[in-house]
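Structure first, then comments.
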Amino acid sequence: MSENGALHQEDVLVRRGRRSGAAITVAVHSRVLGPAVGGCRIWTYPSWQDGASDAMRLAEAMTYKCAAAGLEYGGGKTVVALPMGTVLTPRLRRDVLHDVGEMVATFEGSYLVGPDVGTGPEDMMTIREVTPHSFCLPQEHGGTGNSGTPTARGVQAALRAGARHVFGSESLSGRRVVIAGYGSVGSRLAADLSRAGATVVVSDVDGRKQAAAESAGYSWVEPEQALRTAADVLVPAAVGGVLNPETVATLDVPLVIGPANNQVTSNAVADLLADAGTVWVPDFVTSAGGVIYVLNREVGGLDHDDAAARVEVIEETVDQVLDAARAGGTTPLHESMVLAERRLGTAGAE
């Protein structure tokens, strides 16, 4: 992916919500493969420009995610940049979501919005009050509900392939796994990996989650220690930008696979990881389970079993990427980009 997603966007709409006053960016990176899809992130930022930049980076990542996953969709993203310290009251939240819906409606179906950090299925119903172009609705309204389960399923598929490549066996029984982020996906992964016999260590910026994690039988480390803890596997499962030259220098882990978006601060970090002997599978490959499942269910009309089977294909994709990187002396990031760009480049001929 480019180091500056702003240079390659098809559309970027930045607006101050007329109800909420919030700075909202909708970035559409590509529609080469089909309508753009991407979540709505509500987060605090130092400035609206930081939120806009994040939207463009995330939109580009969605393009690559969809392309690598074989989906007929492009990439987009919505970011609501709240000032630091903002209290999101129920009234303000509703106003923000209606403003988002109004902006999404201007794309007339060429961009579909779903949940992301700070939003969930109920919020997509609120957006539906303004535009029909939202997905991942609550189950009682005909949607698939929270996408955490299929996202975790996709990460599990990626972990099987990564473990075979690094450890010679897909089993993580007896392995130490650090999960940085104990949210919707991270908590599901912790439970699944613990049942499979792994020793699980978790962290989260929300210290209130420590008691629940420890009562479930997991060890707890503070967030600043998560990437410094020796382990067999690191699973970044919170916000992005955690892998940079400074954190890579302190890593003591041979395999990094997780669902957090935009984990590296630049493409050069992928080379640093490889030089350090750490296998890192790009997030746009490993985190695709949720969007694969939801779009195949809600838009494609597949039943649960068929949509879940599509998620399992992530294991084959990671096998392909890691085999190609080993054979060519490249990085998994390079091979993942080649895979996605090949499909993007041949889309018009398909």
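The values are calculated or read from the model by the stated rules, or taken from the named source; none is laboratory data. Bear in mind the structure is a predicted one, so any value in this text is a computation, not a measurement. No Cβ is skipped: glycine too gets one built from the backbone with ideal geometry, and neighbour counts run over all protein chains shown.
Give just the number: which of (1) surrounded by 17 or more Cβ atoms within 10 Å (Cβ to Cβ); (2) closer than 19 Å to ARG297 by Cα does GLY109 not satisfy?
With respect to (1) surrounded by 17 or more Cβ atoms within 10 Å (Cβ to Cβ); (2) closer than 19 Å to ARG297 by Cα, GLY109 is out only on (1).
For the range 1-72, which strands (runs of 3 or more DSSP E) that fit wholly inside it have 2 or more residues that are of a type in the set (Phe, Trp, Tyr) and either surrounded by fewer than 24 Cβ atoms within 10 Å (Cβ to Cβ) or more than 19 Å from the chain's Cα centre (by Cα) (or both)? First the steps, then the outcome.
Details: elements: 11-16, 23-30, 36-45.
Per the criteria, 36-45.
Take the range 70-94 and flag every residue that is within 30 Å of SER110 (Cβ to Cβ) and of a type in the set (A, V, I, L, M, F, W, C).
Result: LEU71, VAL79, VAL80, ALA81, LEU82, LEU88, LEU92.
Do we have ARG128 as touching a strand residue (DSSP E or B) at 6+ places or on another chain (Cβ under 7 Å), basic (Lys, Arg) and surrounded by fewer than 23 Cβ atoms within 10 Å (Cβ to Cβ) here?
Details: touching a strand residue (DSSP E or B) at 6+ places or on another chain (Cβ under 7 Å): yes; basic (Lys, Arg): yes; surrounded by fewer than 23 Cβ atoms within 10 Å (Cβ to Cβ): yes.
Criteria met by ARG128.
Checking THR229 against (1) under 25 Å from THR119 (Cα atoms); (2) in contact with a strand residue (DSSP E or B) (Cβ under 8 Å, 6 or more places away or on another chain); (3) surrounded by 18 or more Cβ atoms within 10 Å (Cβ to Cβ); (4) polar (S, T, N, Q), which single condition isn't satisfied?
Only one criterion is unmet by THR229, namely (1).
In the range 79-91, what residues are within 24 Å of VAL12 (Cα to Cα) and out of contact with any helix residue (DSSP H, G or I) (no Cβ under 6 Å at 6 or more places or on another chain)? Outline the logic, then answer.
From the range 79-91, those within 24 Å of VAL12 (Cα to Cα) are 79-84; that's our starting set.
Of everything in the range 79-91, those that are within 24 Å of VAL12 (Cα to Cα) and out of contact with any helix residue (DSSP H, G or I) (no Cβ under 6 Å at 6 or more places or on another chain) turn out to be LEU82, PRO83, MET84.
Looking at ARG160, ARG176, which one is of a type in the set (D, E, K, R), assigned by TED's automatic domain parsing to the domain that holds VAL256 and closer than 23 Å to TRP220 by Cα? Break it down into steps so the answer makes sense when it comes.
Details: ARG160 fails: closer than 23 Å to TRP220 by Cα.
Matching residue, one of ARG160, ARG176: ARG176.
For the range 136-154, give me each residue that is buried (at least 24 other Cβ atoms within 10 Å of the Cβ) and either in contact with a strand residue (DSSP E or B) (Cβ under 7 Å, 6 or more places away or on another chain) or part of a loop (DSSP other than H, G, I, E, B) (or both).
If the condition is that a residue be buried (at least 24 other Cβ atoms within 10 Å of the Cβ) and either in contact with a strand residue (DSSP E or B) (Cβ under 7 Å, 6 or more places away or on another chain) or part of a loop (DSSP other than H, G, I, E, B) (or both), then CYS136, SER147 are the ones that fit.
Residue check, PRO132 against (1) modelled with pLDDT under 95; (2) over 21 Å from VAL235 (Cα atoms), all met but one. Which one?
Failing condition for PRO132: (1).
Given the conditions (1) among the hydroxyl-bearing types (Ser, Thr, Tyr); (2) within 22 Å of ALA324 (Cα to Cα); (3) at pLDDT 95 or above, which single one is not true for SER266?
That leaves (3) as the condition not met.
Just checking, does the range 117-127 include any residue being of a type in the set (Gly, Ala, Ser), assigned by TED's automatic domain parsing to the domain that holds GLY38 and out of contact with any Leu (no Cβ under 6 Å at 6 or more places or on another chain)?
Our first condition is that a residue be of a type in the set (Gly, Ala, Ser); within the range 117-127, this holds for 118, 120.
Now drop any that are not assigned by TED's automatic domain parsing to the domain that holds GLY38, which leaves 118, 120.
Checking the rest, the ones that are also out of contact with any Leu (no Cβ under 6 Å at 6 or more places or on another chain) come to 118, 120.
Scanning the range 117-127 turns up at least one residue that is of a type in the set (Gly, Ala, Ser), assigned by TED's automatic domain parsing to the domain that holds GLY38 and out of contact with any Leu (no Cβ under 6 Å at 6 or more places or on another chain).
Is it true that some residue in the range 246-267 is in contact with a Pro (Cβ under 7 Å, 6 or more places away or on another chain) and either acidic (Asp, Glu) or over 21 Å from ARG153 (Cβ atoms) (or both)?
Checking the range 246-267: not a single residue is in contact with a Pro (Cβ under 7 Å, 6 or more places away or on another chain) and either acidic (Asp, Glu) or over 21 Å from ARG153 (Cβ atoms) (or both).
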